[in-house]
Amino acid sequence: MTTEELTALTVDKTVDARGTSCPGPLLAAKKAIGEIEKGQIMEVLSADEGTRRDIPKWCTKKGFEYLGTLEESGYFKIFLRK
Amino acid sequence: MANKKMTLALFSGSVDKLTAAGVILGGAAAEDMDVEIFVLLQAAFAFKKENAMTNERVAEITDKQDEFLASLKRLNAPHWTEAFRNAKEMTNVKIHICGFAGKVWHGEKLEDFIDLADDICGIGEYMSAAETSDINLFI
């Protein structure tokens, strides 16, 4: 997705994992994914550089759709669809 | 589809290597892997009830131990016992204490170890689990 498309997304769940280090954000995403329905969108906020690479791989393995990442000031917004 | 399996031969009783094991366990938990951990020699020391929270030894770069421990706090990294506990809550993790290792540290019974431990076993269990695992690590 483009930056504009990501920015315009309606997010169903936000996981703020900026206070944790690897693998904290990934585990926070794993916990939260069970709380949304198939087709819904989740964003993961992480200040961990590794997480922006881990989440797309995790999505591929678990059958979720990685939508893209926005780089904010000091953290990333990582979007996926269940 | 069956979950992938990981076995971990956990020898180290030092906080740096136990923390690394906790990070890897987190990765396994995120992917719903089935994990079997075999707690060997020095790791059994760290798993003793009286040692788990007080043991601050590091195995490598030992002259920087204080910096390492301070960094774990700065980064809000969970204690290794917490990382192990989180993984157990999120995926199927079994933790076996090697019977020989337990005796080395005067741990004869399961109750001598922190409640993360599931049982005391012999090396045959490790061999059987390792034979059929997708990932097998020694830390």
Worksheet, complete the sentence: Reported set for the stretch B:14-35 where residues are more than 12 Å from chain A (Cβ to nearest Cβ) and either of a type in the set (Ser, Thr, Tyr) or buried (at least 24 other Cβ atoms within 10 Å of the Cβ) (or both) is B:Ser14, B:Leu18, B:Val35
Item to complete: Return the residue satisfying two criteria in turn: it lies in the stretch B:36-52 and is touching a residue at least 60 places away in the same chain (Cβ under 8 Å) and part of a loop (DSSP other than H, G, I, E, B), and of such residues it is farthest from the other protein chains (Cβ to nearest Cβ).
Response: B:Lys49
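Could you list, in sequence order, the residues of the stretch A:32-59 that are part of a helix (DSSP H, G or I) and exposed (fewer than 15 other Cβ atoms within 10 Å of the Cβ)?
So the first thing to find is which residues in the stretch A:32-59 are part of a helix (DSSP H, G or I), and the list is A:32-33, A:51-59.
Correct list: A:Arg53, A:Lys57.
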Practice prompt. Please find, within the stretch B:78-122, the residue that is surrounded by the most Cβ atoms within 10 Å (Cβ to Cβ) out of those that are of a type in the set (Val, Ile, Thr) and in contact (Cβ under 8 Å) with a residue 60 or more places away in the chain.
Written response: B:Val93
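Can you pull out every residue in the stretch B:75-110 that is of a type in the set (Asp, Glu) and either more than 12 Å from every other protein chain (Cβ to nearest Cβ) or part of a strand (DSSP E or B) (or both)?
Within the stretch B:75-110, the subset of a type in the set (Asp, Glu) is B:82, B:89, B:108.
Matches in the stretch B:75-110: B:Glu108 only.
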Response to the item:
Scanning the stretch A:46-67 for residues that are within 11 Å of chain B (Cβ to nearest Cβ) and of a type in the set (A, V, I, L, M), the one farthest from the chain's Cα centre (by Cα) turns out to be A:Ala47
Fill in: Test: B:Asn55 is touching a helix residue (DSSP H, G or I) at 6+ places or on another chain (Cβ under 9 Å), within 14 Å of chain A (Cβ to nearest Cβ) and touching a residue at least 24 places away in the same chain (Cβ under 8 Å)
no
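Hey, among A:Gly50, A:Gly68, A:Gly19, which residue is more than 28 Å from B:Leu72 (Cβ to Cβ) and of a type in the set (Gly, Ala, Ser)?
Values: A:Gly50 fails: more than 28 Å from B:Leu72 (Cβ to Cβ); A:Gly19 fails: more than 28 Å from B:Leu72 (Cβ to Cβ).
On inspection, the qualifying residue turns out to be A:Gly68.
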Worksheet item: Say we look at the stretch A:3-45 and pick out the residues that are touching a strand residue (DSSP E or B) at 6+ places or on another chain (Cβ under 9 Å), without any contact (Cβ under 8 Å) to a residue 24 or more places away in the chain and not acidic (Asp, Glu); which of these is nearest to the other protein chains (Cβ to nearest Cβ)?
Response: A:Lys31
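Given the structure, is B:Ala43 under 16 Å from B:Asp118 (Cβ atoms) and in contact with a Gly (Cβ under 6 Å, 6 or more places away or on another chain)? Break it down stepwise before answering.
On the way: under 16 Å from B:Asp118 (Cβ atoms): yes; in contact with a Gly (Cβ under 6 Å, 6 or more places away or on another chain): yes.
So B:Ala43 fits the description; yes.
So which of B:Leu41, B:Leu69, B:Leu10, B:Leu75 ends up being modelled with pLDDT of 95 or more, aliphatic (A, V, I, L, M) and farther than 21 Å from B:Ala129 by Cα? It would help to see each step written out before you state the result.
On the way: B:Leu41 fails: farther than 21 Å from B:Ala129 by Cα; B:Leu10 fails: farther than 21 Å from B:Ala129 by Cα; B:Leu75 fails: modelled with pLDDT of 95 or more.
Result: B:Leu69 is the single residue among B:Leu41, B:Leu69, B:Leu10, B:Leu75 that is modelled with pLDDT of 95 or more, aliphatic (A, V, I, L, M) and farther than 21 Å from B:Ala129 by Cα.
The values are calculated or read from the model by the stated rules, or taken from the named source; none is laboratory data. Source: prediction; values computed, not measured. As a convention, Cβ positions derive from the backbone with ideal geometry for all residues, glycine included, and neighbour counts pool all protein chains shown.
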